[in-house]
Every structure is written in structure tokens, then in C-alpha cells.
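Colleague: Have a look at this one.
The values are calculated or read from the model by the stated rules, or taken from the named source; none is laboratory data. As the structure is a prediction and not an experimental result, all values here were calculated from the model. Here the Cβ positions follow ideal geometry from the backbone for every residue, glycine too, while neighbour counts run over all protein chains shown. Side chains are part of the model used for accessible areas, which takes the heavy atoms of the whole protein and leaves out ligands, DNA and RNA. Shrake-Rupley method; radii C 1.70, N 1.55, O 1.52, S 1.80 Å.
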Amino acid sequence: MPAWLLRGLGMAVLHGAAATILAKIAVLRPTDSTVSSSIVIALLIGAAALWSAIDAWLRRTDLGRTWFIAALVAGVVSAPLTVIGKAVFVDQTGASALGEALTGGAAFTALMVLIPAGLGMFVGGRLDPPGAGKKTDESRPAPDDQRASGEPAG
């Protein structure tokens, strides 16, 4: 499975679930929707930034293209997931909401993945890769085979 597909589908499911949860909160407790949406947006931004930072820290190849395509996939796939989630769990949303979700919702989701992923790649690329602090066999000093007098050990 290509890396962009895994990242795109993962972020799409995350964004679809978040939009459904926010809609449910807005129906049940309308006064709490501001705090809830702020927390959910922060978590979504953090998820994309953290995942891409880990990718960059692990020195995965072709990250820019991977996350760009993943953002597009997440936008397009999260739209029907959001509509289905709202229809099943919230308020009987119909197919008429799919057009709005595939245009504005998909674009917003793609940006909510792409911009934090860019930030994460920038930060993760500046960190030392794993294992960089460990000494390799070539950099270790040779064992001390000579005594203090200069004679070889024997």
C-alpha cells in the first residue's frame, strides 16, 4: 500500500469522525460547541503535524509528495464519511449535503492536513534521526591491547 494512501485514509477517517462528533455535540449541547470545536481542531492539527514530523524524523523519502497526495485523498474521502456519519448518528442528513461536503468540506480538510503536515515535516527534518547519537562500530575506539609499559597484552 502506498504511503500516501495509508496517511490519506487515516486522516480521512479521523476528520470524518471529528466532524460527526462535533455535529452531535452541536445538537445535544449547543453552548459547548465553541470549546469542543477548538479542542477538536487542535487535535486534528496535532495529529497531522505529529505524523508528518515522525515521518521526517525517520527520514522517509519523498515526504512532500506523499503528504500532498494524502491531503487530497483525505479531503475527498472524508466528505462522504462525514455525510454518512451525520446521517447515521446525528440528524438524518441526506445525499443533498454531499455536494457541499465534496467542495468546501473537502478543501477545508485538505488544508487541515496539508498545512500542519508541512509544519511537521519542517520540524521533524530538523531533529536528529534515530540512532544518530549512538556510536557505530567504525567510530568506537579499538580495545586497549597494550599495557601501560607499552608491551602488548599476552
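Colleague: Label-point separation (nm) for residue 115 and residue 96, each offset 7 Å from Cα along Cα-to-Cβ?
Modeller: 3.1 nm
Colleague: Along Cα→Cβ, 7 Å out, is where each label goes; now give me the distance between the ones at residue 43 and residue 103 in nm to one decimal.
Modeller: 3.0 nm
Colleague: Now, a different point. Let me make sure I get this right: for the range 72-120, a, b and c are the square roots of the gyration tensor eigenvalues over alpha carbons, sorted descending. Under 1.5 in a/c it's rounded, otherwise prolate if a/b > b/c, else oblate. Which is it?
Modeller: Prolate, since a/c reaches 1.5 and a/b exceeds b/c.
Colleague: Right, another one. Stretch residue 36-residue 88 to full length: gain in nm at 0.36 nm per residue minus the Cα-Cα span?
Modeller: Extra length from residue 36 to residue 88 when fully extended: 16.7 nm.
Colleague: Follow-up. How many percent of all Cα-Cα pairs in the range 1-119 sit more than 17 Å apart?
Modeller: 55 percent
Colleague: Compute the accessible area per residue over the chain, keeping the other protein chains in place, probe 1.4 Å, unit Å². The partial results should precede the final answer.
Modeller: On the way: 9750 Å² over 154 residues.
Per-residue accessible area for the chain comes out at 63 Å².
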